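Visitor: Have a look at this one.
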Amino acid sequence: MSYKEHKDLVIHCRQIVIRHISDCSAFFKRMDDLLFQNANDAAEEERKAYFFAMRQLRAHETQFTEGLIERVLACFDQYWTDTVAADPPIKLNRREVNDEYSALHYRFSYLLGYAVPVDKQPLSVEMLSTCFKQSLARFVNIDGSIKTLAYQQFNRTVQLYSNQMYHNLNQHLIKQKVLTNLRYKQVEQLDDIVAAHTAKEIINTDRTVKPTTRLKQLQIGNRLIYSDIDPNQTVFFAWHSTLTGRYIFNDQQGESAIDVSQAELLDLFKHGLLTPLAKPTEKIT
């Protein structure tokens, strides 16, 4: 195996990376809320600094995101174009595959043609955070405690959402018959992780919408019929983001099929476009 034999496959993985890194809305919305909250509690001079940072982030969101994507892709491309094998070669060990990240590292190494140290993986949380800091420093002029706050918030966002990127990349590679028999903990636990991390942090506002009984009954892994352009497409409820309020449903290949807000999801139910496939004894009715 070598990268040259799988160039088209790697190019498609690159597109998946772009799609995920492009969606930084969770970070910007959360930072806007945090800065506004801190400004209300701060003295006059500090309040000005927080509002200045809010304006900076809003004004440069597009440039920042483009810069972040550019840096992440540079790391990704370098990983695949570096043709010098590890010396001495590192033996692939399936016993070390225990989650989405290590499975992706294993599959990437397999496609590359040799194993590399795990810290050389181009999509690690550490690498993503480094790219974030470089992009922030270039486009947004903030310093001190506000910069630290931005770093901390982005790290939380990456830790919560990167697993979904790893999952989608793994599912695409599985679909393409790349090491289909790896066994590890799947991404279905992501919703619980998001809830646990955000329960202590989320800002309660009057805009919070209480979930309906139907949404409360929706469980990770539930199968539903999605009647849109393709009639009777089966989708699976993948996860609900507590940060953004988005509901994500994957198709049978593991790719994202539906990504909607709570209001949009309820509208799909209302108009019969999304129908649960559940037995009478199960929770969804």
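Visitor: Restricting to the stretch 44-85, name every residue that is among the basic types (Lys, Arg) and touching a helix residue (DSSP H, G or I) at 6+ places or on another chain (Cβ under 7 Å).
Guide: Arg47, Arg71
Visitor: Pick from Thr234, Thr205: which is closer than 30 Å to Asn38 by Cα and either open to solvent by 40 Å² or more (accessible area, probe 1.4 Å) or modelled with pLDDT of 75 or more (or both)?
Guide: Only one candidate passes the filter, namely Thr205.
Visitor: Which residues, taken from the stretch 141-171, are in a helix (DSSP H, G or I) and within 19 Å of Glu45 (Cβ to Cβ)?
Guide: Residues satisfying the conditions are Gly144, Ser145, Ile146, Lys147, Thr148, Leu149.
Visitor: Within the stretch 66-104, can you find the residues that are over 23 Å from Gln159 (Cβ atoms), at pLDDT 80 or above and open to solvent by less than 60 Å² (accessible area, probe 1.4 Å)?
Guide: Asp77, Trp80
Visitor: Can you spot a residue in the stretch 126-140 that is at pLDDT 75 or above, of a type in the set (Phe, Trp, Tyr) and not in a helix (DSSP H, G or I)?
Guide: No, the stretch 126-140 has no match at all.
Visitor: Glu264 - would you say it is at pLDDT below 75 and surrounded by fewer than 17 Cβ atoms within 10 Å (Cβ to Cβ)?
Guide: no
Visitor: Against the definition (open to solvent by 10 Å² or more (accessible area, probe 1.4 Å), under 21 Å from Asn38 (Cβ atoms) and without any contact (Cβ under 8 Å) to a residue 40 or more places away in the chain), how does Thr157 come out, yes or no?
Guide: no
Visitor: Follow-up question, since we're still on this one. Specify the residue that is modelled with the lowest pLDDT; the eligible residues are those in the stretch 1-53 that are open to solvent by less than 60 Å² (accessible area, probe 1.4 Å) and among the aromatic types (Phe, Trp, Tyr).
Guide: Checking each candidate, the answer is Tyr3.
Visitor: Output the number of residues of the stretch 208-218 satisfying the condition of being at pLDDT 50 or above and either exposed (fewer than 14 other Cβ atoms within 10 Å of the Cβ) or not polar (S, T, N, Q) (or both).
Guide: Residues that pass the stated criteria total 6.
Visitor: Filter the stretch 130-153 for residues that are open to solvent by 10 Å² or more (accessible area, probe 1.4 Å) and under 28 Å from Leu112 (Cβ atoms) and give the result.
Guide: Result: Thr130, Lys133, Gln134.
Visitor: Here are the criteria: (1) within 24 Å of Ser129 (Cβ to Cβ); (2) open to solvent by 50 Å² or more (accessible area, probe 1.4 Å); (3) free of Cβ contacts under 8 Å to residues at least 40 places away in the same chain. Tell me which single one Gln63 does not satisfy.
Guide: (3)
Visitor: Is it the case that Lys177 is at pLDDT 75 or above, over 19 Å from Asp23 (Cα atoms) and surrounded by fewer than 15 Cβ atoms within 10 Å (Cβ to Cβ)?
Guide: So Lys177 fits the description; yes.
The values are calculated or read from the model by the stated rules, or taken from the named source; none is laboratory data. Since we're looking at a predicted model, the values are computed, not measured. Cβ coordinates were reconstructed from backbone atoms using ideal geometry, including for glycine residues, and neighbour counts include every protein chain displayed. Accessible surface areas use protein heavy atoms only, side chains included; no ligands, DNA or RNA. Shrake-Rupley method; radii C 1.70, N 1.55, O 1.52, S 1.80 Å.
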